[in-house]
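Below is one structure, written out as structure tokens; comments come after it.
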Amino acid sequence: MLTNERQAIILRLLEEKQTVTNQDIYEATSASDSTIRRDLTDLENNNKLQRIHGGATLTEKKLQEYSIAEKSTRNLQEKKLIAKLAADTIQNGDCIFLDAGTTTMQLIPYLENKEVVVVTNGLTHLDLLIELGITTYLTGGYVKQKTSALIGRQAIQTLENYRFDRCFLGVNGFHNDFGYTTPDPEEASIKQTACSLAKETYVLADHTKLNKVSFSKVCDIQRAILLTDTLPNQDYDILSKKTIVKVVNT
């Protein structure tokens with residue numbers, strides 16, 4: 001197979017999956033490891049992709065991050081259904097961590113009639129939590145302007161004072177091999193800490209996050225229960241071998 005043919009196949013795979021592994025490329029091209037590495041290097045040098053450990057991802061996906069205003073209306077119906085699925089896991093008396101983010105924010109209305117205590121680093125969550133009379137603790141920390149999330153060492157120190165029955169996280173991408181990721185290392189640290197302090201961790205992510213990989217890893221795919229909407233059967237089968245995946249019908 002000619003070089004331009006192999007590289008065209010690699011780019012087509014990326015358009016379909018956003019992130020590909022070396023194994024994906026081998027199965028599509030039967031090229032050797034050294035040839036695959038050479039092709040990925042050439043494509044990266046031409047700004048066609050970004051190499052990551054064990055594969056590649058589309059260049060613009062790594063550090064891209066949208067504001068709360070930009071994200072709030074995207075896939076809103078799916079986010080509401082995923083949030084309802086998350087609420088069904090909560091029991092009266094639970095202490096929960098509610099991550100900053102637009103999908104986790106959709107969970108708040110479903111907490112109105114539940115006897116829960118919420119700890120959050122999301123400033124955008126506060127007004128509705130207070131309006132619904134939900135017992136709420138806010139972490140300290142530095143306010144990140146783009147996402148209105150509290151981050152930094154002070155936020156982590158606050159979290160370390162608590163233990164959670166359930167932790168609900170948002171992410172920018174989930175991938176069978178590369179786990180759950182987000183663009184900002186400091187936000188990733190908050191998520192990691194909350195996850196480590198919870199009996200159960202749930203990731204709320206709609207189908208558009210599938211096979212996307214951002215800069216900072218939160219945790220391995222099997223570390224959390226994934227709550228999402230409809231996935232392609234082959235991706236569901238692959239993911240479900242490593243973690244519990246709960247899919248809501250949309």
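Below are the figures for this structure:
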read-out	value
Within the stretch 202-238, tally of residues that are in contact (Cβ under 8 Å) with a residue 60 or more places away in the chain, in a loop (DSSP other than H, G, I, E, B) and more than 23 Å from Asp88 (Cβ to Cβ)	5
Among the residues listed as Val116, Val213, the single one being more than 12 Å from Leu98 (Cβ to Cβ) and of a type in the set (Val, Ile, Thr)	Val213
Condition check for Val247: surrounded by fewer than 19 Cβ atoms within 10 Å (Cβ to Cβ) and within 30 Å of Gly93 (Cβ to Cβ)	yes
Matching residues in the stretch 106-124 - criterion: being touching a Ser or Thr at 6+ places or on another chain (Cβ under 8 Å) and either buried (at least 24 other Cβ atoms within 10 Å of the Cβ) or outside any helix (DSSP H, G or I) (or both)	Val116, Val117, Val118, Val119, Thr120, Asn121, Gly122
Test set (1) farther than 23 Å from Ala188 by Cβ; (2) surrounded by fewer than 16 Cβ atoms within 10 Å (Cβ to Cβ); (3) in contact with a Ser or Thr (Cβ under 9 Å, 6 or more places away or on another chain) - Asp88 fails condition number	(3)
Considering residues of the stretch 167-201 that are assigned to a strand (DSSP E or B) and touching a Cys at 6+ places or on another chain (Cβ under 8 Å) only, the residue modelled with the lowest pLDDT	Gly179
Test: Thr103 is touching a Lys or Arg at 6+ places or on another chain (Cβ under 6 Å) and modelled with pLDDT of 85 or more	yes
Pick from the stretch 21-51, criterion part of a helix (DSSP H, G or I) and small (Gly, Ala, Ser), ranking: surrounded by the fewest Cβ atoms within 10 Å (Cβ to Cβ)	Ser34
Evaluation of Ala224 against (1) small (Gly, Ala, Ser); (2) closer than 20 Å to Gly141 by Cβ; (3) at pLDDT 95 or above (one fails), failing number	(2)
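Matching residues to (1) in the same structural domain as Asp165 (by TED's automatic domain parsing); (2) closer than 23 Å to Gly152 by Cα; (3) among the hydrophobic types (A, V, I, L, M, F, W, C):
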{"position": "Ser189", "(1), (2), (3)": "yes, yes, no"}
{"position": "Tyr202", "(1), (2), (3)": "yes, yes, no"}
{"position": "Asp206", "(1), (2), (3)": "yes, no, no"}
{"position": "Asp220", "(1), (2), (3)": "yes, yes, no"}
{"position": "Ile225", "(1), (2), (3)": "yes, no, yes"}
{"position": "Thr230", "(1), (2), (3)": "yes, no, no"}
{"position": "Tyr236", "(1), (2), (3)": "yes, no, no"}
{"position": "Ser240", "(1), (2), (3)": "yes, no, no"}
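Yes or no, residue by residue, for (1) out of contact with any strand residue (DSSP E or B) (no Cβ under 7 Å at 6 or more places or on another chain); (2) at pLDDT 85 or above:
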{"site": "Arg6", "(1), (2)": "yes, yes"}
{"site": "Lys17", "(1), (2)": "yes, no"}
{"site": "Glu27", "(1), (2)": "yes, yes"}
{"site": "Ala31", "(1), (2)": "yes, yes"}
{"site": "Asp42", "(1), (2)": "yes, yes"}
{"site": "Ala69", "(1), (2)": "yes, no"}
{"site": "Arg74", "(1), (2)": "yes, no"}
{"site": "Glu78", "(1), (2)": "yes, yes"}
{"site": "Ala83", "(1), (2)": "no, yes"}
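The values are calculated or read from the model by the stated rules, or taken from the named source; none is laboratory data. Please read these numbers as outputs of a predicted model, since none were measured by experiment. Using ideal geometry, Cβ is built from the backbone for each residue, glycine included, and neighbour counts are taken over all protein chains shown.
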